[in-house]
Amino acid sequence: MPSVRSVSPAVPPRPRRRLRTRPVLVALALGGVMCCLLAGWGAYRLWNGAPYPEVDPHVVATRLGAEAERVENDLALPVGPRSPSDRMETGACYYRGLRAFAHIDRARLDVHTFSVERETTGIAEDTARTAQERVRSRLSQQGWKLISQNVSDRGFRYENQDTGDQVHVDWYKYTGTLAFRIYAPCGKVADGYPL
């Protein structure tokens, strides 16, 4: 009798797992692009530094002029010899970041500070102190921050935390000169704006 072999059913081979490389490669490529963009932006910021805010000189002049009038009213000085300087002056601003090392002592042509200065001579010390206290009181009440004092024989500086504007008030004992300066920090001016 022939022997009977038991035949087991054929087991199909396990399907091979397909590697899903396409989504992984896409994710790696996107990650690489993002890293390159971030590195480029970081290098740009390291070279140029933080950008200066854009300003309209007319708006800055109006703001500084109004503050100069308020300080003048607070001082309420007797009429005396005054300097006729109601003009807004501009000052130099320099490059930031590592680019500053490449342009040492070279001011930017598109970025400026702005200031208005006035002074009165022949002011007695008591009159100057009383006048200065009125300015101090108003600036403190309006939220300006004292950033330095005793700058001159009797002087102080306040800063507006919102705009960065500063009020400098100084009194010089030997000349009896009471001077104040309203100052706006560096701002980028639009190309072609006449200063």
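Tabulated data
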{"quantity": "Subset of segment 85-107 (residues that are within 22 Å of Gln166 (Cα to Cα), open to solvent by 60 Å² or more (accessible area, probe 1.4 Å) and within 20 Å of the chain's Cα centre (by Cα))", "calculated": "Glu89, Thr90, Tyr94, Arg96"}
{"quantity": "Selected residue [assigned to a helix (DSSP H, G or I), touching a helix residue (DSSP H, G or I) at 6+ places or on another chain (Cβ under 8 Å) and modelled with pLDDT of 90 or more] from Val116, Val71", "calculated": "Val71"}
{"quantity": "Only one of Thr121, Thr127, Thr163, Thr177 that is β-branched (Val, Ile, Thr) and more than 19 Å from Ala68 (Cβ to Cβ)", "calculated": "Thr127"}
{"quantity": "Selected residue [crowded, with 17+ Cβ neighbours inside 10 Å, acidic (Asp, Glu) and on the phi < 0 side of the Ramachandran plot] from Asp126, Asp165, Asp110", "calculated": "Asp165"}
{"quantity": "For Tyr52: the one exception among (1) open to solvent by 100 Å² or more (accessible area, probe 1.4 Å); (2) more than 24 Å from Leu139 (Cα to Cα)", "calculated": "(1)"}
{"quantity": "Residue in segment 108-121 that is among the basic types (Lys, Arg) and under 30 Å from Val189 (Cα atoms) present", "calculated": "yes"}
{"quantity": "Ala179 vs. criteria among the aliphatic types (A, V, I, L, M), within 23 Å of Met88 (Cα to Cα) and in contact (Cβ under 8 Å) with a residue 24 or more places away in the chain", "calculated": "yes"}
{"quantity": "Number of the exception - Ala131 against (1) at pLDDT below 90; (2) of a type in the set (Gly, Ala, Ser); (3) over 22 Å from Val59 (Cβ atoms)", "calculated": "(1)"}
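The values are calculated or read from the model by the stated rules, or taken from the named source; none is laboratory data. Quick caveat: nothing in here was measured; it's all calculated off a predicted structure. Here the Cβ is made from the backbone with ideal geometry for all residues, glycine too, and neighbour counts use every protein chain on show. Note: areas computed on protein heavy atoms with side chains; ligands, DNA, RNA excluded. Shrake-Rupley method; radii C 1.70, N 1.55, O 1.52, S 1.80 Å.
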